[in-house]
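The values are calculated or read from the model by the stated rules, or taken from the named source; none is laboratory data. In this text, all values refer to a predicted model and were calculated from it rather than measured experimentally. When we count neighbours, we look across all protein chains shown, and the Cβ atoms used for this are built from the backbone with ideal geometry, even at glycine.
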Amino acid sequence: MSESFAHEEIVVRQGRRSRLPLIVAVHSRALGPAVGGCRLRRYDGWRDGLTDALRLSEAMTYKAAVAGLDFGGGKSVIALDRHTELTPDLREAALSDLGELVASFEGSYRTGPDIGTGPDDMVVLRRFSPYAYCAPEEQGGTGDSSGPTAAGVLAALHAGARHVFGDASCAGRTVVVSGFGAVGSAVAAGLAAEGAHVVASDVERSRKDAALAAGFGWVEPEQALRAPADILVPAATGGVLSEETVPGLGARLVVGPANNQLTEASVADVLASRGIVWIPDYVAGAGGIVYTLSRESDHHSHDAAMKRVDAIGDTVSRVLDLAHERGCTPLRAAGEFAGRRLASAVSGAPAG
């Protein structure tokens, strides 16, 4: 039996300036133009970058659909091998190559920062296409989206806590934040402000001092998943929840912004069988894209955009209520919400 082909469009080319592999994967435009960030990272081979783009673009389709956005899912990847030095000139050339590729989509694929890229890189892309979001504010963009992403995670976390513990407050609860980057540190600060006991973790040793200086506890990365806690916040790379790691989890609630946290969809059933509530990452991590598109595409004010971010909590509550009603996992329930929107877009009927 042949494997089904789920994506609308995939472009793989060698940049004419950088000679680096460039990948754009468009999973769906059923709800509107595809949107998804630009990832610049090292891979063992460009095919690993393609795999990354395929998985992440599909997740973006569901992230946009569940969040109520009129956008589809896409992703772009600049694949760097393990040995090539990323000089400033090579970076500029690679971003120019990608800008040219994004421009060729004429707005049907739109991008923004992701792992390895930031607001300043979007300025380079904007030389070729207006559809590069999150440029610095002085350049007409909304800048770094880590704050709204963290706000969305906190809204999701509070909704999950209400479902699991009967109280949305995290005061007095122990929360392990695995990944102390821009989003993880903002989530940690928000939790600490409401009285949670925050324990941080990160593979970057330099971040330990920052976490301890902020008054947080620390756990080594290899122990983070097993650390005793009420809540685990995966805020680094994906693929951390597997059939092997789930039995050792120390938390009853798992909710965080890291993409593709499950190694396989079946891991959602393993989590449920152990009484662990996992909020799908594409639901919890939607705050950044909700805020950015609300501001830069729909031209809402900051306050109006943040209200849409806060509504992620309501979405999580609906997902968990449906999961309880159906006797299914939150992953399946979230997929049902997304499926309804996507199906209605294809058929032209209103979503039920």
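So, in region 259-287, exactly how many residues are farther than 26 Å from residue 167 by Cβ and in a loop (DSSP other than H, G, I, E, B)? Residues meeting the conditions: 6.
If you go through region 9-32 and keep only what is surrounded by fewer than 19 Cβ atoms within 10 Å (Cβ to Cβ) and touching a Lys or Arg at 6+ places or on another chain (Cβ under 8 Å), you end up with nothing.
Among the conditions (1) part of a loop (DSSP other than H, G, I, E, B); (2) buried (at least 16 other Cβ atoms within 10 Å of the Cβ), residue 73 misses just one, which is (1).
Going by the conditions given, is residue 192 free of Cβ contacts under 8 Å to residues at least 40 places away in the same chain and either farther than 17 Å from residue 234 by Cα or part of a loop (DSSP other than H, G, I, E, B) (or both)? Judged against the criteria, residue 192 is not a match. The residues on offer are 290, 346, and the sole one that is at pLDDT 95 or above, assigned to a helix (DSSP H, G or I) and outside the structural domain of residue 36 (by TED's automatic domain parsing) is 290. Taking every residue in region 130-144 that is closer than 21 Å to residue 303 by Cβ and pairing it with any residue that is part of a strand (DSSP E or B), at least 6 positions away or on another chain, the pairs with Cβ-Cβ distances below 9 Å are 133/35; 133/110; 133/111; 133/113; 134/113; 141/132; 144/113. Quick one: is residue 229 assigned to a loop (DSSP other than H, G, I, E, B), more than 19 Å from the chain's Cα centre (by Cα) and either assigned by TED's automatic domain parsing to the domain that holds residue 322 or without any contact (Cβ under 8 Å) to a residue 12 or more places away in the chain (or both)? Yes, satisfied. In summary, strands (runs of 3 or more DSSP E) completely within region 1-52 and bearing 2 or more residues that are of a type outside the set (Val, Ile, Thr) and within 25 Å of residue 145 (Cβ to Cβ) occur at 21-28, 38-42. Screening the candidates 52, 97, 89 for the property of being of a type in the set (Asp, Glu) and within 21 Å of the chain's Cα centre (by Cα) yields one hit, 52. Whether any residue in region 219-230 is buried (at least 17 other Cβ atoms within 10 Å of the Cβ) and either of a type in the set (Asp, Glu) or at pLDDT below 95 (or both) is what I want to check. Yes, some residue in region 219-230 is buried (at least 17 other Cβ atoms within 10 Å of the Cβ) and either of a type in the set (Asp, Glu) or at pLDDT below 95 (or both). Selection of first residues in region 265-282 that are assigned by TED's automatic domain parsing to the domain that holds residue 247 and closer than 16 Å to residue 336 by Cα and of second residues that are among the hydrophobic types (A, V, I, L, M, F, W, C) and in a loop (DSSP other than H, G, I, E, B), restricted to Cβ pairs under 7 Å at least 6 apart or on distinct chains, gives the following pairs, ordered by first then second residue: 279/255; 281/258. When residue 256 is tested against (1) assigned to a loop (DSSP other than H, G, I, E, B); (2) surrounded by fewer than 23 Cβ atoms within 10 Å (Cβ to Cβ); (3) touching a strand residue (DSSP E or B) at 6+ places or on another chain (Cβ under 7 Å), exactly one condition is not met: (2). Considering (1) over 18 Å from the mean Cα position of the chain (by Cα); (2) under 18 Å from residue 159 (Cβ atoms); (3) of a type outside the set (S, T, N, Q), the lone condition that residue 312 does not fulfil carries the number (1).
Contact map, region 83-94: first residue assigned by TED's automatic domain parsing to the domain that holds residue 16 and touching a residue at least 40 places away in the same chain (Cβ under 8 Å), second residue among the β-branched types (Val, Ile, Thr) and surrounded by 17 or more Cβ atoms within 10 Å (Cβ to Cβ), Cβ cut-off under 8 Å, separation 6 or more or different chains; pairs are 94/78. Filtered by the rule that a residue be touching a Lys or Arg at 6+ places or on another chain (Cβ under 9 Å) and at pLDDT 95 or above, region 233-247 gives 245, 246, 247.
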